[in-house]
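**Student:** For reference, the structure I am asking about is given below.
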Amino acid sequence: MKLNKLNINIYLLVIILLLTTMLLLDKRFLPAKSSAPQFSPGNADLISTVMSYIKTDYLEEPNPVRVTEGAYRGLINSLDPLSAYLDKELASKYLNRKTPVKGTGLVVFKKYGLFPMVVAVREDSPAARAGLKVGDNLSAINDRNTMNLSLLETNLLLEAEPGAGDQPPVKLRVLRGNETLEIEVARDYLSRDDLKFSAGPSGLVILRPTSIYQGLSAEISKALKARLKTRPAPKAAVLDLRDCWGGDYEEARKVINLFIMTEEAARVESRGQKQVLACPDSPEFPHLGLFVWVNQASGGPAEVVAGVLRDLNRAKTIGLETPGLAGISESFPLSDGSLVVLTTAVFALKSGARLWDNSLPLDVNLRYSESMDKLYQDKTLNLLAAKD
C-alpha cells in the first residue's frame with residue numbers, strides 16, 4: 001500500500017533528527033584529528049534544507065525505507081574501511097557465518113566512494129579460472145552497484161549463503177582498463193590455512209602462510225628448527241606475507257615473539273585508552289637474519305607482524321604498500337534486525353606510527369610488475385649481501 005505524505009514527512013523528520021543528533025553530540029565527528037567543532041546549528045540547517053528539497057521537489061515521493069538505509073549506510077560506511085552498516089538480510093548472513101567460508105577466491109580492498117579493487121586472486125580458485133586479475137575493479141555484484149558499499153558488505157555479497165547447498169554463481173561487472181566485462185564466478189572455494197616452506201636462492205628459506213591463523217607460530221617454529229639442523233644452515237629466513245589477508249592478532253604476537261622479546265611490541269589504541277602488546281617469552285630464533293615480504297594484500301595481522309619486526313630493527317621489509325587495516329571491529333545490533341559494525345581499536349607501533357589507513361613503513365618500496373617473485377628475491381639478496 002502506498003504511504004501517504006504524512007508518513008513520508010515523519011520518516012524524513014526522523015532521518016533529519018538522527019543525522020543532526022549524531023553530528024552535534026560529537027563535535028569532533030569529522031575529521032577525527034581536528035579538535036575544532038566541525039558541525040554547528042548552521043550545518044544542521046543545511047541537512048534540514050536538503051531533506052526539505054527532497055520532500056518537496058524530488059520528482060516522486062521518496063521511498064522512506066530506502067532513504068533511511070541510505071542515510072545509515074553513508075554515515076557508517078564513510079567512517080573507515082572496516083566499519084559498516086548491514087541491512088537485515090546481510091546482518092543475518094554475517095551473524096550466521098560459519099568458518100571457513102566458501103567464496104570466489106577473490107581478495108578485495110574497498111574504500112567508501114570507490115569500487116572494490118581486486119588485490120589478490122587465490123590459486124586454483126573459481127576467480128582465477130574465470131580470469132579475474134589483480135587491479136580489476138568490481139562496479140557491480142549481482143547487478144548491485146558497489147560504489148557506496150563497505151568492504152564487509154562487498155565480501156558478504158561475494159560469499160556463499162551459509163548452510164545452503166549448490167548456489168548460482170555470482171555475477172560481476174568488472175572494469176579493467178577501458179574494458180567493461182561481465183563475468184560469472186562460482187562461490188565454492190574454501191580457503192584453507194596453510195604454510196608453504198621452501199628453499200630460496202643463496203641460503204634463503206622462505207615461509208609463506210595464507211593468513212595469520214591460529215597455530216601458525218608453532219608451524220613456523222617446527223619448520224625453522226628442522227631446516228636449521230641441515231647443512232649448510234640457512235643464512236636468513238623470509239616471512240613471505242604477500243596475499244596474507246586477515247587472521248588472528250594474538251597469533252601475530254606469537255609469531256613476533258619467535259624472533260624478538262620485548263615489553264612493548266606495539267599498542268592497541270581505542271578511544272581514550274592504550275593497551276601495550278608485549279612479547280615476554282625468550283625468542284626461539286633471536287639471531288636468524290630476517291626479511292618480510294608484503295604487498296597490497298597483506299592486511300591486518302600481517303601488517304602487525306611486519307610492522308613490529310621492522311620497527312624494532314629485527315627485520316627488513318620489502319614490497320608494495322599495504323592497505324593499513326590493522327584494526328579491531330565490534331558489532332552492535334539494531335532493533336529492526338540490522339547491524340552496525342564499528343572500528344573500536346587500531347594498532348600503533350612503538351615508534352608511534354599507526355598501522356591504520358596507512359601502509360606500514362617499508363625498507364624497500366617496489367613497483368608492481370609481471371616478475372614480482374624475482375624482484376623480491378633480488379632486493380632481498382642485495383640487502384643480505386650488504387649486511388655481510
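The values are calculated or read from the model by the stated rules, or taken from the named source; none is laboratory data. These numbers come from a predicted model, not from an experiment. When we count neighbours, we look across all protein chains shown, and the Cβ atoms used for this are built from the backbone with ideal geometry, even at glycine.
**Student:** Would you confirm, using the coordinates I've provided, whether E161 is free of Cβ contacts under 8 Å to residues at least 24 places away in the same chain and out of contact with any Cys (no Cβ under 7 Å at 6 or more places or on another chain)?
**Tutor:** On the way: free of Cβ contacts under 8 Å to residues at least 24 places away in the same chain: no; out of contact with any Cys (no Cβ under 7 Å at 6 or more places or on another chain): yes.
So E161 does not fit the description; no.
Here is a yes/no grid of residues against (1) of a type in the set (A, V, I, L, M, F, W, C); (2) within 15 Å of the chain's Cα centre (by Cα); (3) at pLDDT below 95:
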| position | (1), (2), (3) |
| --- | --- |
| D357 | no, yes, yes |
| R367 | no, no, yes |
| E370 | no, no, yes |
| L375 | yes, no, yes |
| L381 | yes, no, yes |
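**Student:** How many of the residues making up the range 186-220 are more than 24 Å from D373 (Cα to Cα) and out of contact with any helix residue (DSSP H, G or I) (no Cβ under 9 Å at 6 or more places or on another chain)?
**Tutor:** Looking only at that region, the number is 1.
**Student:** Additional query: Inspect all residues belonging to the range 306-322 and state whether any of them is farther than 24 Å from L375 by Cβ, crowded, with 18+ Cβ neighbours inside 10 Å and under 13 Å from the mean Cα position of the chain (by Cα).
**Tutor:** No, the conditions are met nowhere in the range 306-322.
**Student:** So if I check each of S359, S338, S369, S298, which one is loosely packed, with under 15 Cβ neighbours inside 10 Å and not basic (K, R)? Write out each step before concluding.
**Tutor:** On the way: S359 fails: loosely packed, with under 15 Cβ neighbours inside 10 Å; S338 fails: loosely packed, with under 15 Cβ neighbours inside 10 Å; S298 fails: loosely packed, with under 15 Cβ neighbours inside 10 Å.
From the options S359, S338, S369, S298, the qualifying one is S369.
**Student:** Now, a different point. Is it the case that some residue within the range 146-166 is under 25 Å from L339 (Cα atoms), part of a strand (DSSP E or B) and either among the aliphatic types (A, V, I, L, M) or not assigned by TED's automatic domain parsing to the domain that holds D336 (or both)?
**Tutor:** Narrowing the range 146-166 to residues under 25 Å from L339 (Cα atoms): 146-164.
Going one step further and asking which of them are part of a strand (DSSP E or B), we end up with none.
Checking the range 146-166: not a single residue is under 25 Å from L339 (Cα atoms), part of a strand (DSSP E or B) and either among the aliphatic types (A, V, I, L, M) or not assigned by TED's automatic domain parsing to the domain that holds D336 (or both).
**Student:** Here are some conditions: (1) surrounded by fewer than 16 Cβ atoms within 10 Å (Cβ to Cβ); (2) aromatic (F, W, Y); (3) modelled with pLDDT of 80 or more. Y58 meets all but one. Which one does it not meet?
**Tutor:** With respect to (1) surrounded by fewer than 16 Cβ atoms within 10 Å (Cβ to Cβ); (2) aromatic (F, W, Y); (3) modelled with pLDDT of 80 or more, Y58 is out only on (3).
Let's see how each residue does on (1) within 30 Å of G135 (Cα to Cα); (2) buried (at least 20 other Cβ atoms within 10 Å of the Cβ):
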residue: R192; (1), (2): yes, no
residue: S198; (1), (2): yes, no
residue: P209; (1), (2): yes, yes
residue: I212; (1), (2): yes, yes
residue: G215; (1), (2): no, no
residue: K229; (1), (2): no, no
residue: K235; (1), (2): no, no
residue: D240; (1), (2): yes, yes
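**Student:** While we're here: Taking L334 as the residue in question, decide whether it is among the aliphatic types (A, V, I, L, M) and touching a residue at least 40 places away in the same chain (Cβ under 8 Å).
**Tutor:** Details: among the aliphatic types (A, V, I, L, M): yes; touching a residue at least 40 places away in the same chain (Cβ under 8 Å): no.
The answer is no for L334.
**Student:** Hey, does the range 81-89 have a residue that's basic (K, R), part of a loop (DSSP other than H, G, I, E, B) and surrounded by fewer than 19 Cβ atoms within 10 Å (Cβ to Cβ)?
**Tutor:** Kept after step one, since they are basic (K, R), are these residues of the range 81-89: 88.
So of that shortlist, the ones also part of a loop (DSSP other than H, G, I, E, B) come out as none.
No.
**Student:** Something else now. State which residue pairs qualify: first residue under 17 Å from Y249 (Cβ atoms) and inside the range 210-231, second residue in a helix (DSSP H, G or I) in any location, beta carbons under 6 Å apart, and separation of 6 or more residues or different chains.
**Tutor:** That search, which allows pairs on different chains as well, returns I212/E251; I212/A252; I212/P301; I212/A302; Q214/E251; L216/E251; S217/K254; S217/V255.
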